[in-house]
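Written out below as structure tokens is the structure these notes cover.
Throughout, read-outs are computed from the coordinates displayed, never taken from laboratory work. The model shown is predicted, which means the values in this text are computed figures rather than measured ones. Using ideal geometry, Cβ is built from the backbone for each residue, glycine included, and neighbour counts are taken over all protein chains shown.
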Amino acid sequence: MTSPPAGGPDPRPRASLGRVVDGLGATLLDLVHGDPEGAEDVGGVVIHDPVDAPVLPRGALVLGVGVDAADEVVALLDVLGRAHAAALVVRAPVPLTPEVRRAADAAGVVLLGLSRGAPWAHLAAIVRSLLAEGDVGVAERESLGGLPSGDLFAVANAIAALLDAPITIEDRSSRVLAFSGRQDEADASRVETILGRQVPERYARILNERGVFRDLHRSDQPVFISPPAAEGSDAFSVPRVAIAVRAGDEVLGSIWAAVRGPLSEERTIALQDSAKLVALHLLRVRAGADVQRRLRADLLSSALEGGAGARAALDRLGLTGQPLMVLGVAVSGVEADLTTSEGAALTHERERLGDAFALHLSAAHPRAAAALVSGVAYGLVPVTGPVVEGEERAVRIAHDFLDRVGDRFRPVIGIGPIAEDLAGLTHARISVDRALRVLHGSGGVRRVARLDDILVESLMLELRDLAAARGDRPTGSLARLIDYDRRHQSSLVETLGAWLEAFGDVTAAAEALYVHPNTFRYRLRRVAEVGGIDLTDPEQRFVAMLQLRVLSRG
């Protein structure tokens, strides 16, 4: 595979399939069959779902997760050809039978193989970063050092040409942001790092124990790291040269080169100069990501709130004229002062959760939009099937997302009704917020809910808000019972609540309070006497239950 010329931008369009294949190199993707240079520009990354076929944009790069048999590949290629897809990626080894070759040629779809051990989610994230898919209102790209602004893969290839060594660019947490070609010239640890997009923990531990990260962050000079002799084949075998990437006093990341020995003076200077260029690109990526987040959040917020700008916002998001599923993801039960370190960590956690949610929704539909608005990651997904099935599909999407992210973020997801117009969109957002509020107070018992599922709890919360705002307190019979319990250390309020909850079943209510039914009957008579309440009157029972639920919590 070829790489873009050192010191100059790749002349091919950013969305060129050939550029994607060359940018990722043989470490992640192998060209199995077809001509990437002759394929259509990539119009989006879509994960294939054999049960619920996603809508394919023209020029889609389709990730064939679970497609491994030759007949399955042939059948999928036929479908992709009719949809004018650009390429199909399946897990290596790809069954390249004569039937598969003929099907790929007939469909005009390039066939690619994903290396063993490489997660599908990582491939999707890398390709989207290469394509900058989903940018909203982004102007023509700038150039920094003769390379497209923020294009870290082009930068990595240029540095690799200068140093004659395979390169990775990593953030402060040793996550791989970009890498050059020629990674096959390094060792097994580098290949494992590229496949996982993260330096494996055992290698990071070796480097940390040797003080490499300390030296790296304290100096602006390259650090030479020789292979550890005692670790054998389980450690890296090719030496490394690394240099910190800085913006003033802040360490943004680092550049790592797999070399055969210490760098010459000329290449040391080239690496130092490259670190300054990478810093500019990283700052541009960070600034661009912040701008894109803010713009997408503004558009999504305008669409959800309704008003004069809602239709224009939906137009810019590409979501007009179709029913929409509305979902909201929030971190459960967490509040912090945003000016403190805990608040900053919470903000970062919400951003990461929002990014993960946006990536997950894009698998459901290529035009899905998601953004973080006031601490909640809202998502809009076009409904591709019958509208009546939309909410059920939204529930499946929500549970799939929670299964993937696990409990680390403690997320909860509220689901609104399907919105078929702008008014419906505003109502759906309000429904999502109401569902999230109930889920926040559930203590993690429930993690996904539609408003229909928790309508009573939501109404109770709103009534409590109203009562608190007005300063309402228990009155009448309930006030007398509360006062009596306070003076005599009795449990008449508890008795009344248990009896009402049991719908008048004395035996069940007595069991709930762990007392004998006769004892409970005696207490119930005292409730009627002290409170002056007629328990046979449905109106009085309703007033008592409502006050117990709304005014005397705890």
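Details
- In degrees, nearest ten, helix 517-531 long axis to first principal axis of the chain (Cα): 80
- A Förster radius of 35 Å combined with the Cβ-Cβ distance from Ala75 to Arg205 puts the calculated FRET efficiency at roughly 0.15.
- Region 17-131 shape via C-alpha gyration tensor axes, a/c threshold 1.5: rounded
- FRET efficiency for Asp452 and Ser374, using Cβ-Cβ distance with R0 set to 22 Å, rounded to 0.05: 0.35
- Computed from Cα positions, the angle between helix 455-470 and the longest principal axis of the chain comes to roughly 70 degrees.
- Approximating the spin labels as points 7 Å out from Cα along Cα→Cβ, the Ala528-to-Ile269 distance works out to 10.1 nm.
- Extension reserve of the Ala423-Leu283 stretch, reckoned as 0.36 nm per residue once the Cα distance is removed: 46.4 nm
- Stretching the chain fully between Ala512 and His217 yields a gain of 100.0 nm (0.36 nm per residue, less the alpha carbon separation).
- Counting DSSP beta bridges with both ends in the chain, the antiparallel % (nearest 5): 75
- Separation in nanometres of the label points that stand 7 Å from Cα toward Cβ, at Asp355 and Thr519: 5.9
- Cut-off 19 Å, label 7 Å out along Cα→Cβ of Arg58, residues of region 356-398 by amide N: 366-368
- For the chain, calculated [θ]222 nm from helices alone, where every DSSP H run of n ≥ 4 adds -39500 (n - 2.57): -15500 deg cm²/dmol
- 20 Å cut-off, amide nitrogen to a point 7 angstrom out along Trp120 Cα→Cβ, residues in region 36-53: 43-53
- The tail of the calculated P(r) for the chain beyond 41 Å holds 39 percent of all Cα-Cα pairs.
- Cβ-based exposure ranking for Glu265, Glu351, in which fewest neighbours within 10 Å come first: Glu265, Glu351
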